[in-house]
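The values are calculated or read from the model by the stated rules, or taken from the named source; none is laboratory data. The structure displayed is predicted, hence computed values, not measured ones. Here the Cβ is made from the backbone with ideal geometry for all residues, glycine too, and neighbour counts use every protein chain on show.
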Amino acid sequence: MHTKLILAAALTLVVSPSPLVAQNQPPFKSAVELVSVDVQVVDKDGKPIAGMTPADFEVTIDGRKRTVVSAQLIQYQSAAQAAAAAPAASATAAPAGTPQRRLYVIGVDEQSIRLGSARAAMEAAKRFIAQLGPDDLVGLVAYPQGGVRVEPTNNHAQVVAGLDKVRALFEPPPSRYFISAAEAIDIASSNSGTLGQVHERECAGLEQFAEMACKRQVAMEGQALGIALEATIAQSLGGLRGLLNDMGTLPGRKILVMISGGLAMSDRGVGRGDEGGRMVDIGQIAARTNTSLYALHMDTKFLDAFAERRVSHTIFRDETIFNAGLERVAAAAGGTVFRVRTGSGDPAFSRVLLETSAQYLLGVDVAPEDRGSKTAQIIKVKVKPKGATVRHRMSVVIPK
């Protein structure tokens, strides 16, 4: 089900500044000829790197190097910084054209997370919201069913109240036999080797007719579990796709903080469970809608297995395949995944807050052949500081 993120008043708009002209820009260069590119540059600890100039950036569009004319560092205030700066606010006006707030949307894939990790994540999300600047906008969408939705607003209390309504809908499919997610994907993909291993484990020691019946039932159950898992993933990806498309109606750069129990993707590269194509497509939508994606993987499978005293024979592979889908989506969108195996996720939320506390707005001089393409063009940004991580949209459509 697609969700609609609609801003009802001008108060909720985030306006990107006009294309910038640097002080050292060559004469007669019109700002209209520049294309704006939002870029985050952080060190190994996630702290934004300040003091960079246009010469520190290298931008290519479809492999062709383009000149970076301007680079403006835009910094945002946290709630604590805003409170500390309040006494001086009346005496100091904000620079014209500088965006003073960010737009976050917290997206929760309800059917992928368990009850315990969901509640911990929601409480961490509340603490994250408490640290945002008072003018920062934040919204909430629970998908794929869309039962909880709060439009982006600076009334943060509304979002906090909405977090209490998020549900954890993940339920392991009923199973007579102990078949893991990885094994189910293999069996549904007609992997006879995996099916034989499960036969040996689940049907060993039975008399002949009982063993034959057991093997038939294992095969049918494995097929059913694999197909059910595939359907669940398709619903999650559909909900995420709808959310990202709706975010395209909002102006400026958006930050999607995605909370998920994982998106399973086959690690065999063939057969069922390989949703790589859809994941790349979703990443392209994120790039087109100028959405920066941070995925928080609430990966509690290992702890849950011990709590239930039923450790999968493929526990480590299960962890890998559920993380792989998130990694693929985030990579295609120029984002990243933070894996939360224990605790509430506070460190992951803190990292998101730190990384998004500043960004560069680049003014890039494009060539006539770059303009008017009907297809997205691949854009890459490199920086001179060694060890820096650069986050930016992976493609751009440059208008005529």
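The number of residues in region 45-67 being aliphatic (A, V, I, L, M), within 24 Å of the chain's Cα centre (by Cα) and at pLDDT 95 or above comes to 2.
Surrounded by 18 or more Cβ atoms within 10 Å (Cβ to Cβ), among the acidic types (Asp, Glu) and at pLDDT below 90: does that describe residue 230? The answer is yes for residue 230. Here residue 185 fulfils each of the conditions (1) aliphatic (A, V, I, L, M); (2) surrounded by 13 or more Cβ atoms within 10 Å (Cβ to Cβ); (3) modelled with pLDDT of 90 or more apart from (3). Working only within region 238-265, note down all residues that are modelled with pLDDT of 90 or more, among the hydrophobic types (A, V, I, L, M, F, W, C) and within 14 Å of residue 322 (Cα to Cα). If the condition is that a residue be modelled with pLDDT of 90 or more, among the hydrophobic types (A, V, I, L, M, F, W, C) and within 14 Å of residue 322 (Cα to Cα), then 259 is the only one that fits.
Only one residue in 112, 70 is modelled with pLDDT of 80 or more, over 19 Å from the mean Cα position of the chain (by Cα) and either under 30 Å from residue 33 (Cβ atoms) or not aliphatic (A, V, I, L, M) (or both), so which one is that? Before you say what the answer is, go through the steps one by one.
On the way: 112 fails: over 19 Å from the mean Cα position of the chain (by Cα).
None of the others qualify; the one that does is 70.
Residues that are within 21 Å of residue 291 (Cβ to Cβ), among the hydroxyl-bearing types (Ser, Thr, Tyr) and under 17 Å from the mean Cα position of the chain (by Cα) occur at least once in region 371-394. Residue count for region 129-153 under the criterion of being under 17 Å from residue 356 (Cα atoms), surrounded by fewer than 23 Cβ atoms within 10 Å (Cβ to Cβ) and out of contact with any Ser or Thr (no Cβ under 8 Å at 6 or more places or on another chain): the result is 4.
Is there a residue in region 89-107 that is at pLDDT 95 or above, small (Gly, Ala, Ser) and either touching a strand residue (DSSP E or B) at 6+ places or on another chain (Cβ under 8 Å) or farther than 30 Å from residue 146 by Cα (or both)? The answer is yes, given that some residue of region 89-107 is at pLDDT 95 or above, small (Gly, Ala, Ser) and either touching a strand residue (DSSP E or B) at 6+ places or on another chain (Cβ under 8 Å) or farther than 30 Å from residue 146 by Cα (or both).
For region 190-227, give me the residue count where each residue is part of a loop (DSSP other than H, G, I, E, B) and surrounded by fewer than 19 Cβ atoms within 10 Å (Cβ to Cβ). Break it down into steps so the answer makes sense when it comes.
So the first thing to find is which residues in region 190-227 are part of a loop (DSSP other than H, G, I, E, B), and the list is 190-191, 204-207.
With surrounded by fewer than 19 Cβ atoms within 10 Å (Cβ to Cβ) added as a condition, the list becomes 190, 204-207.
Matching residues across region 190-227 total 5.
Restricted to region 281-400, the set of helices (runs of 4 or more DSSP H) holding at least 3 residues that are within 20 Å of residue 113 (Cα to Cα), of a type in the set (Gly, Ala, Ser) and at pLDDT below 95 comprises 315-332.
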